Amino acid sequence: MLLQLFNLQIVHGEEYREQSNTRLTRESTIKADRGSILDKSGNTIVGNSMGFSVDLYKTKIDDKTLNETILKIITVLEQNGDSYIDDFIINVNPYTFTTDNAETISKFKKKHDIDENATAEQCFNAMKEEYEIENTDPIEARKIMAIRYAIQTEGYSSTRPLQIANNITRQSALIFNERSAEFPGINVVVEPIRNYTQGTTASHIVGYTGKISSEELKTRKDTYDQDDIIGKTGIESAFEEYLKGEDGVKQIDMTVEGTVQEEYVTKEAVKGSDVVLTIDLNLQKVTEEALANSINKINSGGYSKRYETNAGAAVVMEVKTGKILAMASYPTYNPQDFVGTISTDTWNSYINNPDKPLRNKAVQDAYPPGSIFKMVTAITGLETGVTNTKERVRDTGVFHKYNESWRCWQRGGHGWVNITTAIEKSCNYFFYTIGTRMNIDDLEKYARYFGLGEKTGVELPSESAGTVASKGAAEKAGRGWYAGDMMSAVIGQSYNSFTPLQMAKCISMIANDGKVVNPTIVESVIKADGTEVNKDEVEKTINEKLGITDTGTKDLNISKESINVAKEGMKSVTSDEAGTAYSVFKNFPIEVGGKTGSAETASGAGNGKTHAWFAGFAPYDDPEIAVVVFIDNGGHGWYTGETVRTIMEQYFGMNTTQV
């Protein structure tokens, strides 16, 4: 031992001191692959590809050399079409602030000791002086400032780098590696890049990722660093803890001037867990295309009357299991746009679009259901004894009660109808009649039993609970509940407002003889070693993260007879000539139970929108799937029937080609 110490300290001491003065050893993170997101058959919806990023370490160079190096780096990146970090608050040509937020601008000026009344140009010149930038060209100076500002705000050191660019081209990576001496402090890192292999397909389900924000980092400092990618929406967000892998470690030997000499791995990275969805990818593609086609057809007046519509949603669900086979929201977006750095123009095109393409309209937005709610009213009436299958009502077209009048949609009325034909013909008059005898508390109770006005608990963030017409809803709106309000409530108007997913749950429960069905969109979570994460553990973790609580739905023991009345009415909608969707399904080889709905918005008929709905299930005798389609301002419910038919054709194998 003494001889070894003598050898290290005396014989080779000078040599090792020389090396320590001319070489630095740093630890670098090896980014782990995020887990993939797969459909039910194992088809990849979201995966990874290998890409290059650029890390900048602090070295022993002066500001002038640093500025020159930054400009050379940016020149290479721009020549190859690569973007770089740029959150600097001032633009040039003309000089303007990149934000209109006065507080943000004020904080910037205060932080850099700039007069609060200074113009954008004066602030720019002050920053140029602070960073000792000698370039006279303001565009070049602005490029340097972008990186210097990032260094100043995010920090870097000789052991902790700042990532200045990611997902760069191979051409840029080769230049930086081959001419490393020209770029002191630069290290090109090979890392996984998120790859949304299906483009816009299922984008609202899978969501997108982005660089972790300072707010997100505050609660995750033990497991994330400032350059990490994190799920922002959808499955990417909800299952972040499973999708995120375990990073590895790499040692880098670098000269004090910043030139990399040697690299070696000390800890291997471990890929994150894969999330397997219940989605059928082919059915998902057909659902999205069918929805878009119907919206475009309505816009062009292809069904009959033209309505201006640019938004909608659709859900396909297994009625016995609650597994979601497809979920579409229109308009869509491309999550690949968010990989790396999303351009300002692209971001603005999304957030300024009045049709809100980033929102999952099947889950996040609730709409008045209109007549597809009438099955709930019918079941409530039968179960509470306010009507029966023998009652017949003569619809004259106008219903008079409480010194007011309400019209049926059919001018002149439908004549004599019972509860089944009232569903078939969507007769408002019949439901007005039984509404006068019905207690709103009973209607609310049955609506909630069918999953309306309650979050479904699907494994997606930002789910809307919707609203059930009730005394509580009226009180929340600052008014009382009046007898006349029941006339709107029983036909799916009033305060009633539900998501397409909630309606899919409702229809699934009707098709499933009233048994409770809980929607789910995740089949399993598979670790990198191939083992499955315990389902109870996953459920507990996701429920805690999304704030989902078990409401403990009380079984109302709804009679099969009441359910069958609703189902028979739905069958008549598609199979009887008087049915509102007969023209769509008259030649369909599989018997379908369905219901059309046209729901007016709060601004009223003639002034506001009229939403179009279709809710159905098939096969009628042994139901397998429920399909709900919603089109914002779609005009007439039967306009959406074509979308449902196309979806069912795909599910039942009637399409000869796959999308």
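The values are calculated or read from the model by the stated rules, or taken from the named source; none is laboratory data. No experiment lies behind these values; they were computed from the predicted model shown. Cβ coordinates were reconstructed from backbone atoms using ideal geometry, including for glycine residues, and neighbour counts include every protein chain displayed. The accessibility values were calculated without ligands, DNA or RNA, using every heavy atom of the protein model including side chains. Shrake-Rupley method; radii C 1.70, N 1.55, O 1.52, S 1.80 Å.
Going through ILE434, ILE491 one at a time, which residue ends up being assigned to a helix (DSSP H, G or I), buried (at least 22 other Cβ atoms within 10 Å of the Cβ) and not charged (D, E, K, R)?
ILE434 is the lone residue from the list that is assigned to a helix (DSSP H, G or I), buried (at least 22 other Cβ atoms within 10 Å of the Cβ) and not charged (D, E, K, R).
Of the residues that make up the range 408-419, is at least one open to solvent by 50 Å² or more (accessible area, probe 1.4 Å), of a type in the set (A, V, I, L, M, F, W, C), touching a strand residue (DSSP E or B) at 6+ places or on another chain (Cβ under 7 Å) and within 27 Å of ILE563 (Cα to Cα)?
Checked against the condition, which is being open to solvent by 50 Å² or more (accessible area, probe 1.4 Å), of a type in the set (A, V, I, L, M, F, W, C), touching a strand residue (DSSP E or B) at 6+ places or on another chain (Cβ under 7 Å) and within 27 Å of ILE563 (Cα to Cα), the range 408-419 yields at least one hit.
Which residue is nearest to ASN91 (Cα to Cα), if the candidates are limited to the range 122-136 and must be charged (D, E, K, R) and open to solvent by 90 Å² or more (accessible area, probe 1.4 Å)?
This residue is GLU129.
Test ILE423 against the criterion of being open to solvent by less than 10 Å² (accessible area, probe 1.4 Å), of a type outside the set (D, E, K, R), within 14 Å of MET486 (Cβ to Cβ) and assigned to a helix (DSSP H, G or I), and give yes or no.
no
If we scan the range 369-390, do we find a residue that is open to solvent by 30 Å² or more (accessible area, probe 1.4 Å) and over 21 Å from GLY514 (Cβ atoms)?
For the range 369-390, residues open to solvent by 30 Å² or more (accessible area, probe 1.4 Å) and over 21 Å from GLY514 (Cβ atoms): present.
Please verify whether the range 522-538 includes one or more residues that are part of a loop (DSSP other than H, G, I, E, B) and among the basic types (Lys, Arg).
Yes, there is a match, as at least one residue in the range 522-538 is part of a loop (DSSP other than H, G, I, E, B) and among the basic types (Lys, Arg).
So that you can scan it fast, the table gives a plain yes or no per residue for (1) of a type in the set (Asp, Glu); (2) surrounded by fewer than 20 Cβ atoms within 10 Å (Cβ to Cβ); (3) not in a loop (DSSP other than H, G, I, E, B):
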residue	(1), (2), (3)
TYR84	no, no, no
LYS107	no, yes, yes
LYS110	no, yes, yes
ASN117	no, yes, no
ALA141	no, no, yes
ALA146	no, yes, yes
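Residues in the range 138-152: is at least one over 18 Å from VAL54 (Cβ atoms) and in contact with a Pro (Cβ under 7 Å, 6 or more places away or on another chain)?
Within the range 138-152 (the criterion being over 18 Å from VAL54 (Cβ atoms) and in contact with a Pro (Cβ under 7 Å, 6 or more places away or on another chain)), the answer is no, since none of the residues qualifies.
Mind listing whichever residues of the range 284-325 are assigned to a helix (DSSP H, G or I) and surrounded by fewer than 21 Cβ atoms within 10 Å (Cβ to Cβ)? Walk me through how you get there before you give the answer.
Going through the range 284-325, the residues assigned to a helix (DSSP H, G or I) turn out to be 284-299.
Residues satisfying the conditions are LYS285, GLU289, ALA292, ASN293, ASN296, LYS297, ASN299.
Anything in the range 224-240 that is polar (S, T, N, Q), modelled with pLDDT of 90 or more and out of contact with any Pro (no Cβ under 6 Å at 6 or more places or on another chain)? List them, or say none.
THR233 - this is the single residue of the range 224-240 that is polar (S, T, N, Q), modelled with pLDDT of 90 or more and out of contact with any Pro (no Cβ under 6 Å at 6 or more places or on another chain).
Under the condition of being among the basic types (Lys, Arg) and not in a loop (DSSP other than H, G, I, E, B), which residue from the range 391-407 is most open to solvent (accessible area, probe 1.4 Å)?
The selected residue is ARG407.
Looking only at the range 177-187, which residues are buried (at least 20 other Cβ atoms within 10 Å of the Cβ) and not in a loop (DSSP other than H, G, I, E, B)?
Matches in the range 177-187: ILE186, ASN187.
Conditions tested, residue by residue: (1) on the phi > 0 side of the Ramachandran plot; (2) in contact (Cβ under 8 Å) with a residue 24 or more places away in the chain.
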{"position": "ASN293", "(1), (2)": "no, yes"}
{"position": "GLY302", "(1), (2)": "no, no"}
{"position": "THR309", "(1), (2)": "no, yes"}
{"position": "ALA326", "(1), (2)": "no, yes"}
{"position": "ASN352", "(1), (2)": "no, no"}
{"position": "VAL363", "(1), (2)": "no, yes"}
{"position": "ALA366", "(1), (2)": "no, yes"}
{"position": "LEU382", "(1), (2)": "no, yes"}
{"position": "GLY385", "(1), (2)": "yes, no"}
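Can you tell me which condition GLU268 does not meet? The list is (1) closer than 16 Å to VAL522 by Cα; (2) open to solvent by 10 Å² or more (accessible area, probe 1.4 Å), and all the others hold.
Evaluating GLU268 over (1) closer than 16 Å to VAL522 by Cα; (2) open to solvent by 10 Å² or more (accessible area, probe 1.4 Å) leaves (1) as the failure.
Just to be sure I understand, how many residues within the range 447-476 are surrounded by fewer than 20 Cβ atoms within 10 Å (Cβ to Cβ) and either of a type in the set (A, V, I, L, M, F, W, C) or not in a loop (DSSP other than H, G, I, E, B) (or both)?
8
Of all residues in the range 53-69 being among the hydroxyl-bearing types (Ser, Thr, Tyr) and crowded, with 16+ Cβ neighbours inside 10 Å, which is modelled with the highest pLDDT?
Going through the range 53-69, the residues among the hydroxyl-bearing types (Ser, Thr, Tyr) turn out to be 53, 57, 59, 65, 69.
Among the residues that remain, those that are also crowded, with 16+ Cβ neighbours inside 10 Å are: 53, 57, 59, 69.
Working: SER53: 91, TYR57: 90, THR59: 89, THR69: 95.
The qualifying residue modelled with the highest pLDDT is THR69.
Quick one: count up the residues across the range 148-168 that are part of a loop (DSSP other than H, G, I, E, B) and open to solvent by 40 Å² or more (accessible area, probe 1.4 Å).
4
Name the residue that is surrounded by the most Cβ atoms within 10 Å (Cβ to Cβ), counting only residues in the range 190-241 that are within 21 Å of ALA528 (Cα to Cα) and over 18 Å from the mean Cα position of the chain (by Cα). Let's see the steps before the verdict.
Kept after step one, since they are within 21 Å of ALA528 (Cα to Cα), are these residues of the range 190-241: 190-197, 206, 209, 223-224, 228-231, 235-241.
Right, trim to over 18 Å from the mean Cα position of the chain (by Cα) and you get 190-193, 223-224, 228.
Details: VAL190: 11, GLU191: 23, PRO192: 20, ILE193: 20, THR223: 11, TYR224: 17, ASP228: 18.
Filtering first and then ranking leaves GLU191.
Looking only at the range 551-565, count every residue that is open to solvent by 30 Å² or more (accessible area, probe 1.4 Å) and touching a helix residue (DSSP H, G or I) at 6+ places or on another chain (Cβ under 6 Å) and tell me the total.
Result for the range 551-565: 1.
Restricting to the range 338-368, and then to whatever is in a helix (DSSP H, G or I) and of a type outside the set (Phe, Trp, Tyr), can you tell me which residue is least open to solvent (accessible area, probe 1.4 Å)?
We begin by selecting, within the range 338-368, every residue in a helix (DSSP H, G or I); these are 338, 344-351.
Then keep just the ones that are of a type outside the set (Phe, Trp, Tyr); that gives 344-346, 348-349, 351.
Working: THR344: 95, ASP345: 125, THR346: 40, ASN348: 60, SER349: 65, ILE351: 83 Å².
Among those that are in a helix (DSSP H, G or I) and of a type outside the set (Phe, Trp, Tyr), it is THR346.
Go through GLU537, GLU523, GLU568 for me and flag whichever is at pLDDT 95 or above, under 30 Å from GLY272 (Cα atoms) and surrounded by 14 or more Cβ atoms within 10 Å (Cβ to Cβ).
Going through GLU537, GLU523, GLU568 in turn, just one is at pLDDT 95 or above, under 30 Å from GLY272 (Cα atoms) and surrounded by 14 or more Cβ atoms within 10 Å (Cβ to Cβ): GLU523.
Residue by residue, here is whether (1) assigned to a strand (DSSP E or B); (2) of a type in the set (Lys, Arg); (3) modelled with pLDDT of 85 or more; (4) open to solvent by less than 80 Å² (accessible area, probe 1.4 Å) holds:
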site	(1), (2), (3), (4)
LEU8	no, no, no, yes
SER20	no, no, no, yes
ARG26	yes, yes, no, yes
THR29	yes, no, no, yes
GLY42	no, no, yes, yes
GLY47	yes, no, yes, yes
GLY51	yes, no, yes, yes
LEU77	no, no, yes, yes
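Per-residue answers, yes or no, for (1) in a loop (DSSP other than H, G, I, E, B); (2) touching a residue at least 40 places away in the same chain (Cβ under 8 Å); (3) within 22 Å of ASP337 (Cα to Cα):
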residue: GLU191; (1), (2), (3): no, yes, yes
residue: GLN198; (1), (2), (3): yes, yes, yes
residue: HIS204; (1), (2), (3): no, yes, yes
residue: SER237; (1), (2), (3): no, yes, yes
residue: GLU241; (1), (2), (3): no, yes, no
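Take GLU444 and tell me if it is open to solvent by 10 Å² or more (accessible area, probe 1.4 Å), at pLDDT 95 or above, out of contact with any His (no Cβ under 9 Å at 6 or more places or on another chain) and part of a helix (DSSP H, G or I).
yes
Does PHE614 satisfy the condition of being of a type outside the set (Gly, Ala, Ser) and under 21 Å from LYS361 (Cβ atoms)?
Answer is yes for this residue.
For the range 337-361, name all the residues that are among the polar types (S, T, N, Q) and in contact with a helix residue (DSSP H, G or I) (Cβ under 9 Å, 6 or more places away or on another chain).
SER343, THR346, ASN360
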